[in-house]
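Remarks on the structure that follows.
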Amino acid sequence: MNEFFTASVLVATVASGVRLSTPYLLAALGETFGQRSGVLNLGVDGVMLLGAFFGYWAVLVHDNLVLGLLVGAAVGVAMGIVYAVVTLLFHAEQGISGIGIYLFGLGFSELMYRQQVGTPLPIRGLGEVEIPLLADIPHVGEMLFRHSGIVYVAIALVPLLAWVINRTQFGLDVRAVGETPDAADSLGVGVRRTRAVTIIVANALAGLGGAALALELGTFQQNLTNGLGFIAVALVYFGAWRPTGVLLGSLLFGLVTAVVNQWKTLGILSGSTASLGTMAPALLTVVALAVIARRNSAQPAALTLPFQRGR
Amino acid sequence: MSRSRARLAEAAIAVAAVVAAAAVGAIMILSLGASPIDGFSALVDGAFGGRKELADTAIKAMPLLLVGTGICISFRARVINIGGEGQIVAGALVSTVTALALADLPPAMLIPAVLLAGVVGGGIWGAIPGALKAYLGVNEILSTIMLNIVAVQVMNYLLRDPLIDPAEIERGTRIPQTERLSPNADLPILVDGTRLHLGVVVAIVAAVAAWVFLWRSTTGYRLRAVGAGRDAARYAGIPVERMTLLALTASGAMCGLAGAVLVFGSESHRLVTDGSSTGFTGSAGFNGIVAALFGALHPLLTIPASILFGGLLVGANAMQRAIQIPASLVIAMNGLVVVFVVASVSVRQRLRLRLDDLAMLRLRPAGRRHGTTTLEVTTTGKP
């Protein structure tokens, strides 16, 4: 245990935790935006898998990391359009159609991977971008300011999304549509149009999060996310539908994973007990949900309810 | 509109959803440079082509049917159970431990014991989110997802340490699996020369029992009443919380039974995983939702639905051999079926409304005339 509590190991663990939390954060921020407008998307994991594969494939073929991230986001936009049609035009039950999207992403990403790549060929992973001056602060610099660009993008999205939701006209529309779509509609707010935008943004961020995961790891394999997208959905509830809450939840999951990995490397945890460490955040989430559930009134009132004018 | 015609229209739309998914699948195969006709004929042949194939399809359909039956129960109470994966694992673990502890019991006692253990394990794993939802208001979608992760990791831990096959430690290979479980717990083979075992009968009996429960018992009626409208059910004196708890417990019990049958009907007769989230279950917890939806959330209709999807999963491997398109195509197609079926619900509702309008047109003139005359009488009579 003593070898864990050295400055260099602790710093490396925190740095790795921040990196690992990025895919959670991107996907969960998108899902927060969607849920604030009243749309639940359980297909996040599938969209992440698609973004991960196509982002990875783009880098494999063109050796361009930015292109890989953009492809991941673009795949997310495409899936967002599909999900918008299914939920907004066909009023499909959101909890279930999301499972369909998940299965599609799980199957299609594996299909394309086996067909087009076959073996987990490595790609150039995301490089570090040092923030000038800040990166030179002892310890803190290494923990927070020497990461790949996508980590900063994800963290910058937290205040940006909070500002959009709380301080802009569009954010007001989003909240109105998520709480009382009928009232919003009667005031001339386009319920479907607003939700279409949030759904597409949410899926774009999920696709981007998947691509970030694959590029950070520098490889792809079947079911790469291993349920990460489902946790991202839970983090939205965990963070009480606020971007800052979601950031805290993502950091918690990322840090716990990093600590478990580090303990495994140091031999503090054996291979088998590491499984128990891996499940700690999930267990913690259930407990946290049970504790906060009763006083949790932050849930958008119209979440999962399809909107049909005059009903 | 007659009821049978409405049902016919609904069945036609469900079939159309599968045809649409198959059409998208065919486009995928074409764009990957293979022949969809060769692929699908190999798939059908591999799933339904002979005795052995039919038996394999039935075995693959069995966990889907059990999970799907559980899904029917919970969804009828408007409780969404995404926790099938974890409940399968929980049932498998409890039944495995039971078989290890009671290995010397004769088959006539051990087989019922391990099946019951599966029911208990899955039931507990369903009761946790059930109680959390009923009494603390915790969203069941989230708690079941989280408990899936917990169950898989508990399994990984148990299979890598306390329950690992001693031979794996000796050889140093450390594959996460138990020893070969007691032969007394093997589910008996029903047809010689095939793998068809007792689990298929168990699954069908469970589906019929669920149907009897939902539509022929008072508790089942109450459960469906909660699904139709929580507030109305509460007003009618139905204990909504207890019904919610019951729905998830029964749903989990069915999934747990699937877990037990997966272990004791497997060819290796042991619990084995690859460490990933779908390593043991093969996504049955999700694919069972597909089968239940396709079976219109009716346990008896879920029987043919799970045979269809079991056949797709079995035939996918034959398709992979024939045209070198990975079997995962079928998982993607299953996802599309879910999306299409769910999306078609609103189409069905619109269709029904339109047909109802037609029926109303025939009735309305008489009714309206009657209504206006009475109204005229009262208005002219009053002043």
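The values are calculated or read from the model by the stated rules, or taken from the named source; none is laboratory data. Since the model is a prediction, treat every value here as computed from it, not as a measurement. Backbone-built Cβ (ideal geometry, glycine too); neighbour counts: all protein chains shown.
What the table shows:
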read-out: Residue tally, condition within 11 Å of chain A (Cβ to nearest Cβ), part of a helix (DSSP H, G or I) and either in contact (Cβ under 8 Å) with a residue 24 or more places away in the chain or of a type in the set (Val, Ile, Thr) (or both), over region B:160-179; value: 0
read-out: Residue within region B:217-227 that is among the small types (Gly, Ala, Ser) and within 13 Å of B:Val79 (Cβ to Cβ) present; value: yes
read-out: Of all residues in region A:148-183 being among the small types (Gly, Ala, Ser) and assigned to a helix (DSSP H, G or I), the one that is farthest from A:Glu31 (Cα to Cα); value: A:Ala183
read-out: Criterion: crowded, with 23+ Cβ neighbours inside 10 Å and β-branched (Val, Ile, Thr) - qualifying residue of B:Ile88, B:Ile124; value: B:Ile88
read-out: Odd one out for B:Ala253 among (1) more than 13 Å from the chain's Cα centre (by Cα); (2) closer than 26 Å to B:Gly121 by Cβ; (3) of a type in the set (A, V, I, L, M, F, W, C); value: (1)
read-out: Members of region A:199-219 that are crowded, with 23+ Cβ neighbours inside 10 Å and farther than 17 Å from A:Val233 by Cβ; value: A:Ala211, A:Ala212, A:Ala214, A:Leu215
read-out: Conditions (1) surrounded by fewer than 22 Cβ atoms within 10 Å (Cβ to Cβ); (2) over 25 Å from the mean Cα position of the chain (by Cα); (3) within 14 Å of chain A (Cβ to nearest Cβ); (4) more than 26 Å from B:Asp104 (Cβ to Cβ); number of the one not met by B:Val154; value: (2)
read-out: Candidates B:Ala225, B:Ala232, B:Ala236, B:Ala203 - the one that is closer than 18 Å to B:Gly295 by Cβ and at pLDDT 90 or above; value: B:Ala203
read-out: Any hit, region B:139-159, residues being outside any helix (DSSP H, G or I), of a type outside the set (D, E, K, R) and within 16 Å of B:Thr249 (Cα to Cα); value: yes
read-out: Condition broken by A:Leu89, with the remaining ones in (1) within 12 Å of chain B (Cβ to nearest Cβ); (2) crowded, with 18+ Cβ neighbours inside 10 Å satisfied; value: (2)
read-out: Scope region B:225-239; condition surrounded by fewer than 18 Cβ atoms within 10 Å (Cβ to Cβ) and assigned to a helix (DSSP H, G or I); matching residues; value: B:Ala228, B:Arg230, B:Asp231, B:Ala232, B:Arg234, B:Tyr235
read-out: Number of the exception - A:Pro181 against (1) more than 14 Å from every other protein chain (Cβ to nearest Cβ); (2) under 30 Å from A:Thr119 (Cα atoms); value: (2)
read-out: Subset of region B:62-118 [in contact with a Cys (Cβ under 7 Å, 6 or more places away or on another chain), within 14 Å of another protein chain (Cβ to nearest Cβ) and small (Gly, Ala, Ser)]; value: B:Gly84
read-out: Pairs where the first residue, in region B:191-215, is closer than 23 Å to B:Phe48 by Cβ and the second is crowded, with 20+ Cβ neighbours inside 10 Å and small (Gly, Ala, Ser), C-beta under 7 Å, 6+ apart; value: B:Val191/B:Ala55; B:Thr194/B:Ala55; B:Arg195/B:Ala55; B:Leu196/B:Ala55; B:Leu196/B:Ala58; B:His197/B:Gly265; B:Gly199/B:Gly265; B:Val200/B:Ala58
read-out: Filter pass, A:Leu69 being within 17 Å of A:Leu303 (Cα to Cα), more than 9 Å from every other protein chain (Cβ to nearest Cβ) and touching a residue at least 60 places away in the same chain (Cβ under 8 Å); value: no
read-out: Those residues of region A:1-58 which are free of Cβ contacts under 8 Å to residues at least 60 places away in the same chain and hydrophobic (A, V, I, L, M, F, W, C), in sequence order; value: A:Phe5, A:Leu10, A:Ala58
read-out: Criterion violated by A:Pro120 - all others in (1) crowded, with 18+ Cβ neighbours inside 10 Å; (2) in contact with a Ser or Thr (Cβ under 6 Å, 6 or more places away or on another chain); (3) at pLDDT below 90 satisfied; value: (1)
read-out: Matching helices (runs of 4 or more DSSP H) fully within region A:1-120 where at least 3 residues are touching a strand residue (DSSP E or B) at 6+ places or on another chain (Cβ under 9 Å); value: A:7-36
read-out: Qualifying residue in region A:288-300 (condition: within 12 Å of chain B (Cβ to nearest Cβ), closer than 24 Å to B:Tyr157 by Cα, over 14 Å from the mean Cα position of the chain (by Cα) and in a helix (DSSP H, G or I)); value: yes
read-out: Pairs, first farther than 18 Å from B:Ala210 by Cα and touching a residue at least 40 places away in the same chain (Cβ under 8 Å) in region B:116-132, second among the small types (Gly, Ala, Ser) and in a helix (DSSP H, G or I), C-beta under 6 Å, six or more apart; value: B:Ala117/B:Ser95; B:Gly121/B:Ala90; B:Gly121/B:Gly91; B:Gly121/B:Gly256; B:Trp125/B:Gly86; B:Trp125/B:Ala90; B:Trp125/B:Gly252; B:Pro129/B:Ser143
read-out: Which listed residue is in a helix (DSSP H, G or I) and surrounded by fewer than 20 Cβ atoms within 10 Å (Cβ to Cβ), from A:Gly249, A:Gly245, A:Gly254; value: A:Gly245
read-out: Sole residue being touching a residue at least 60 places away in the same chain (Cβ under 8 Å), of a type outside the set (D, E, K, R), surrounded by fewer than 21 Cβ atoms within 10 Å (Cβ to Cβ) and at the interface with chain B (Cβ under 8 Å from one of its Cβ atoms), chosen from A:Gln222, A:Gln262; value: A:Gln222
read-out: Residue pairs meeting the criteria (Cβ under 7 Å; at least 6 apart or on separate chains; first within 17 Å of A:Leu303 (Cα to Cα), in region A:181-194; second crowded, with 23+ Cβ neighbours inside 10 Å and not hydrophobic (A, V, I, L, M, F, W, C)); value: A:Pro181/A:Gly38; A:Val191/A:Pro181; A:Thr194/A:Ser37
read-out: In region B:307-347, residue farthest from the other protein chains (Cβ to nearest Cβ) [restricted to those that are over 20 Å from B:Met28 (Cα atoms) and of a type in the set (S, T, N, Q)]; value: B:Ser344
read-out: Check on B:Leu93, more than 18 Å from B:Pro129 (Cα to Cα), in contact (Cβ under 8 Å) with a residue 12 or more places away in the chain and crowded, with 18+ Cβ neighbours inside 10 Å; value: yes
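Residue-by-condition table, conditions (1) part of a loop (DSSP other than H, G, I, E, B); (2) under 19 Å from the mean Cα position of the chain (by Cα); (3) buried (at least 24 other Cβ atoms within 10 Å of the Cβ):
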{"site": "B:Ala9", "(1), (2), (3)": "no, no, no"}
{"site": "B:Ala12", "(1), (2), (3)": "no, no, no"}
{"site": "B:Glu53", "(1), (2), (3)": "no, no, no"}
{"site": "B:Leu65", "(1), (2), (3)": "no, yes, yes"}
{"site": "B:Leu105", "(1), (2), (3)": "yes, no, no"}
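Okay, residues lined up against (1) at pLDDT below 95; (2) in contact with a helix residue (DSSP H, G or I) (Cβ under 9 Å, 6 or more places away or on another chain); (3) loosely packed, with under 14 Cβ neighbours inside 10 Å; (4) among the charged types (D, E, K, R):
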position: B:Ala167; (1), (2), (3), (4): yes, no, yes, no
position: B:Gln177; (1), (2), (3), (4): yes, yes, no, no
position: B:Pro183; (1), (2), (3), (4): yes, yes, yes, no
position: B:Arg195; (1), (2), (3), (4): yes, yes, no, yes
position: B:Gly259; (1), (2), (3), (4): no, yes, no, no
